[in-house]
1. What ranking, highest mean first, results for peptides 34-43, 151-160 when packing means the other Cβ atoms within 10 Å averaged over each residue?
2. Over the chain, give the accessible area per residue in Å² for a 1.4 Å probe, as an integer.
3. Could you work out how much longer the chain between L66 and A210 gets when fully extended? Use 0.36 nm per residue separation minus the Cα distance between them, nm to one decimal.
4. Where does each of 21-31, 123-133 land if you order them by average Cβ count within 10 Å, highest first?
5. Given the DSSP H assignment, sum -39500 (n - 2.57) over each helix run of at least 4 residues in the chain and divide by its residue total; what's the result at 222 nm in deg cm²/dmol, nearest 500?
6. Once label points are set 7 Å from the Cα along Cα→Cβ at both S195 and H103, what is their separation, rounded to one decimal in nm?
7. Using alpha carbons only, what's the Rg to Rh ratio of segment 105-231 with Rh from Kirkwood?
8. How long are the three semi-axes of the equivalent ellipsoid of the chain, in whole Å, if each is the root of 5 times an eigenvalue of the C-alpha gyration tensor, listed from largest down?
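The values are calculated or read from the model by the stated rules, or taken from the named source; none is laboratory data. Everything numeric in this text was worked out from a predicted model, so none of it was measured. Glycine also receives a Cβ, built like all others from the backbone with ideal geometry; neighbour counts cover every protein chain displayed. All accessible areas refer to the heavy atoms of the entire protein, side chains included, with ligands and DNA or RNA removed. Shrake-Rupley method; radii C 1.70, N 1.55, O 1.52, S 1.80 Å.
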Amino acid sequence: MQHTATPDGTGSGVAAPYLPTDRTVPTRSRERASYDRELVHSILDEAYLCHLGFVRDGSPVVLPTLFGRIGERLYVHGSTGSRPLRSAKTADPGLPVCLTVTHVDALVLARSAFHHSMNYRSVVVHGTAVTVTDPEERRLALDAIVDQVVPGRSRDSRPADARELAATAVIRLDLDEVSAKVRTGGPNDEPEDGSLPHWTGIVPLTRGYAAPVPADDLDPAIGVPDYLTAL
C-alpha cells in the first residue's frame, strides 16, 4: 500500500536524499546517521507503531500511536477530542511535532557494562502536523493506517461511516526534516578487556506472528484471508 519515493528530477530515477538540518544531525555517532530516502522509507514501512512528541501547556508529551505512509507524507489518526489532534487543528500553521520509529534488531553484550548496546534502525521526523480536511485524502490516509498494520486489510473491512468519520481526526506530517540512524555489528570492547572471562556477542531479536485466532462469533465458513497467511 505504501508508495515509493519519487524520482529526483535528474532523469536517473534515483530518489534524492533528504537534506540534513540542525535538528536531524545527531550529536553522537554521526557516522550512523543516514539521509537515504529508500532506507528511511523501508524503516517506516516495516513499522506500525510510532511515538509522537509535542509540547502541551509548556510540558513535553510523547504518545505511542499507529501511523501510515503515503509517499512523502505520514498520517496519524485519533479521536477528534484528543489534545494533539485538536491542537493541530487550531494552531497556526499547525502543531510542531517530532515523530520517531525504532526497530531493535539485537542486544549487544560487551565485556564491560559501559559498552553494552543494541543494534537498531530508527527514523526521526521533525515538522509541523496539520489537520487533514479533504474527504478523499482522509479516506486514503485511514486506509493507509489500516494497511500499515496488515497490508491488504483495508479492502477486507467495512469503511468508516459518517458517524465514525465525524469522530475521527487525521493529521499529516510531511517528510522534510528526516534522518535515519542504524547500528549493526558486534560489541566494541576495549582492547585491554579482551582477556576478561565474560561472554560477549549479540542476541538477535526477531518479530513473528502466531496463527490467527478467530473471533468467537466468526462464521466458520469464513477462512483466514491470504493477506494474513502471508504474514
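1. Taking the mean over residues of other Cβ atoms within 10 Å, the ranking is 34-43, 151-160.
2. Per-residue value: 60 Å².
3. Stretched out fully, the L66 to A210 stretch lengthens by 49.8 nm.
4. On the way: 21-31: 10.5, 123-133: 20.3.
My ranking of the peptides, most packed first, is 123-133, 21-31.
5. Values: 5 runs with 41 residues, N = 231.
One gets -5000 deg cm²/dmol as the mean residue ellipticity at 222 nm.
6. For the pair S195/H103, the computed spacing is 4.1 nm.
7. On the Cα set of segment 105-231, Rg over Rh gives 1.15.
8. Details: eigenvalues 236, 129, 69 Å².
Over the Cα atoms of the chain, the semi-axes work out to 34, 25, 19 Å.
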